[in-house]
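The values are calculated or read from the model by the stated rules, or taken from the named source; none is laboratory data. Just so it is clear, the model here is predicted, and its values are computed rather than measured. Positions of Cβ are generated from backbone atoms using ideal geometry, with glycine treated the same way; all protein chains shown enter the neighbour counts. Quick note on the areas: whole protein, heavy atoms, side chains included, nothing else; ligands and nucleic acids left out. Shrake-Rupley method; radii C 1.70, N 1.55, O 1.52, S 1.80 Å.
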Amino acid sequence: MKKIDRIGVLTSGGDAPGMNAAIRAVVRTAIYNKIDVVGIMRGYSGLLEKQFMSMQSHSVSKIISYGGTMLKSSRCPEFHQEKYRRIAVDNLNEAGIDALVVIGGDGSFRGANHLDKDYGFRVVGIPGTIDNDIYGTDFTIGFDTAINTAVSAIDKLRDTADSHNLVFFVEVMGRDAGFIALNTALATGAEATIVPEIPADIDSLCDYLLLERRKNKTSGIIVVAEGGDLGSAAEIAAKVKEKIPNYEMRVTTLGHIQRGGAPSCNDRVLAGTLGYEAVNALLRGMSGVMVGQVNGRTAFTPFEEACSRHNEINRKQYEIAHILSL
Ligand code: ADP
Ligand code: F6P
């Protein structure tokens, strides 16, 4: 195995709180092991454009508490094409980078897997996305902060819902996974939750809303995950309005607020641990894997598996949220 003298680190896909803490951990662990670190700006885009910067210990001072990513992130459509990935590998070789740490979601790992499989370039992934949908880790970096952000926003909406006897349809992120929705619904005592993984229909939702009204509930929160069959929160609310014209409701889409802000303690701890483990995995000769945590222990999952499978939401939690909203 060729000795690793220099590693690169990049963040790719949607930013997530805690990515900075992961960058810091990668940089400091590498320096501890006397390895040079190169920060690659703007994910795979910066790799193609040779946007490289040498990272020292002080380069990552204080970033542990900042949201976003100091290396910036991007979606890079060119990376889907082999000819551009070839350029990326040439750029890595030219810069003397022997191995790469990719912090991102499953899309980013698909790109990283190509580098490992097609060119034998050594790369380890760290799961960074608010969606928590990556197989091979119980939690992704950013998820904990995102759900806390959503919970505090929904608590505030609840005040207005109560004061004005309103029902709020609140849309949360998650791409096509219901983790954020389910957890925030349970934590805010939402009256109903709509997630992509569990079929729902407008007639049953309307029956449920009318039943709630008969129980003299004057306000309510319906948490809607983006990406479901029934459409966005606004579309669902419009369909409800068609069936129950006198129903008073409002729609709030929380949007990118869920991706920002200072990372929670849990996200910082996870990011620090996975950043440390990623560098050590490379030093032990591992490649083509994502490092995650399963039941509190470090776990390595081949990129193929991390990308082809999805974490399952906890359906029991869905049932509990429903029962507790009585
Ligand atoms: P995430 O990593 O958060 O899932 P994306 O799905 O947008 O976000 O992926 C991030 C980037 O990873 C894409 O913009 C693209 O550059 C790269 N990527 C995604 N899928 C592939 C693929 N199948 N092959 C090569 N690169 C990919
Ligand atoms: O993957 C993170 C995420 O925030 C998803 O929850 C959401 O569907 C998507 O990214 C939004 O992406 P963009 O910021 O590119 O619109």
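Is it the case that some residue within region 237-259 is within 25 Å of residue 170 (Cα to Cα), outside any helix (DSSP H, G or I) and acidic (Asp, Glu)? Talk me through it step by step, then tell me what you get.
So the first thing to find is which residues in region 237-259 are within 25 Å of residue 170 (Cα to Cα), and the list is 237-259.
With outside any helix (DSSP H, G or I) added as a condition, the list becomes 244-254.
Now restrict to residues that are acidic (Asp, Glu): 248.
Yes: region 237-259 contains one or more residues that are within 25 Å of residue 170 (Cα to Cα), outside any helix (DSSP H, G or I) and acidic (Asp, Glu).
Do any strands (runs of 3 or more DSSP E) lying entirely in region 92-192 carry at least 3 residues that are at pLDDT 95 or above and within 16 Å of ligand 1 (Cβ to nearest atom), and which ones are they?
Working: elements: 99-104, 122-127, 167-172.
In region 92-192, the matching strands (runs of 3 or more DSSP E) lie at 99-104, 122-127.
Check whether at least one residue in region 263-285 is assigned by TED's automatic domain parsing to the domain that holds residue 22, in a loop (DSSP other than H, G, I, E, B) and surrounded by fewer than 18 Cβ atoms within 10 Å (Cβ to Cβ), and report yes or no.
yes
State all residues of region 41-71 that are open to solvent by less than 20 Å² (accessible area, probe 1.4 Å) and more than 24 Å from residue 265 (Cβ to Cβ); if no residue qualifies, say none.
43, 44, 45, 46, 47, 55
Which numbered condition in (1) more than 30 Å from residue 97 (Cβ to Cβ); (2) in contact with a helix residue (DSSP H, G or I) (Cβ under 8 Å, 6 or more places away or on another chain) is the only one that residue 275 fails?
The number of the failed condition is (1).
State all residues of region 1-44 that are under 20 Å from the mean Cα position of the chain (by Cα) and of a type in the set (S, T, N, Q); if no residue qualifies, say none.
11, 12, 20
To keep it simple, each residue is scored yes or no on (1) in contact (Cβ under 8 Å) with a residue 24 or more places away in the chain; (2) touching a helix residue (DSSP H, G or I) at 6+ places or on another chain (Cβ under 9 Å); (3) crowded, with 24+ Cβ neighbours inside 10 Å.
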residue	(1), (2), (3)
98	yes, yes, no
104	yes, yes, yes
109	yes, yes, yes
115	yes, yes, yes
121	yes, yes, no
133	yes, yes, no
141	yes, yes, yes
150	yes, yes, yes
156	no, no, no
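Search region 254-271 for residues that are on the phi > 0 side of the Ramachandran plot and pair each with any residue that is open to solvent by 50 Å² or more (accessible area, probe 1.4 Å) and part of a helix (DSSP H, G or I) when their beta-carbon atoms are under 9 Å apart and the residues are at least 6 apart or on different chains.
Listed pairs, sorted by first residue: 261/148.
Which one of these does residue 1 not meet: (1) assigned by TED's automatic domain parsing to the domain that holds residue 278; (2) open to solvent by 40 Å² or more (accessible area, probe 1.4 Å); (3) away from ligand 1 (no atom under 16 Å from the Cβ)?
Evaluating residue 1 over (1) assigned by TED's automatic domain parsing to the domain that holds residue 278; (2) open to solvent by 40 Å² or more (accessible area, probe 1.4 Å); (3) away from ligand 1 (no atom under 16 Å from the Cβ) leaves (1) as the failure.
Tell me which residues, restricted to region 75-96, are touching a residue at least 60 places away in the same chain (Cβ under 8 Å), open to solvent by less than 20 Å² (accessible area, probe 1.4 Å) and within 16 Å of ligand 2 (Cβ to nearest atom). Don't jump to the end; show me each part of the working.
Residues of region 75-96 that are touching a residue at least 60 places away in the same chain (Cβ under 8 Å), as a first pass: 75-76, 92, 95-96.
Now drop any that are not open to solvent by less than 20 Å² (accessible area, probe 1.4 Å), which leaves 76, 92.
If the condition is that a residue be touching a residue at least 60 places away in the same chain (Cβ under 8 Å), open to solvent by less than 20 Å² (accessible area, probe 1.4 Å) and within 16 Å of ligand 2 (Cβ to nearest atom), then 76 is the only one that fits.
Quick one: in region 197-227, of everything that is part of a loop (DSSP other than H, G, I, E, B) and free of Cβ contacts under 8 Å to residues at least 40 places away in the same chain, which residue is nearest to ligand 2 (Cβ to nearest atom)?
Ranking the qualifying residues of region 197-227, first place goes to 200.
Tell me whether region 136-144 contains one or more residues that are closer than 23 Å to residue 322 by Cβ and within 15 Å of ligand 2 (Cβ to nearest atom).
Taking region 136-144 as the starting set, the residues that turn out to be closer than 23 Å to residue 322 by Cβ are 143.
Restricting the remaining residues to those that are within 15 Å of ligand 2 (Cβ to nearest atom) gives 143.
Within region 136-144 (the criterion being closer than 23 Å to residue 322 by Cβ and within 15 Å of ligand 2 (Cβ to nearest atom)), the answer is yes, since at least one residue qualifies.
Suppose the filter is open to solvent by 40 Å² or more (accessible area, probe 1.4 Å), in contact with a Ser or Thr (Cβ under 8 Å, 6 or more places away or on another chain) and modelled with pLDDT of 95 or more; does residue 6 pass it? It would help to see each step written out before you state the result.
Working: open to solvent by 40 Å² or more (accessible area, probe 1.4 Å): yes; in contact with a Ser or Thr (Cβ under 8 Å, 6 or more places away or on another chain): no; modelled with pLDDT of 95 or more: yes.
So residue 6 fails the test.
Only residues that are more than 14 Å from ligand 1 (Cβ to nearest atom), open to solvent by less than 40 Å² (accessible area, probe 1.4 Å) and of a type in the set (A, V, I, L, M, F, W, C): list them for region 9-40, please.
9, 21, 23, 25, 26, 27, 30, 35, 37, 38
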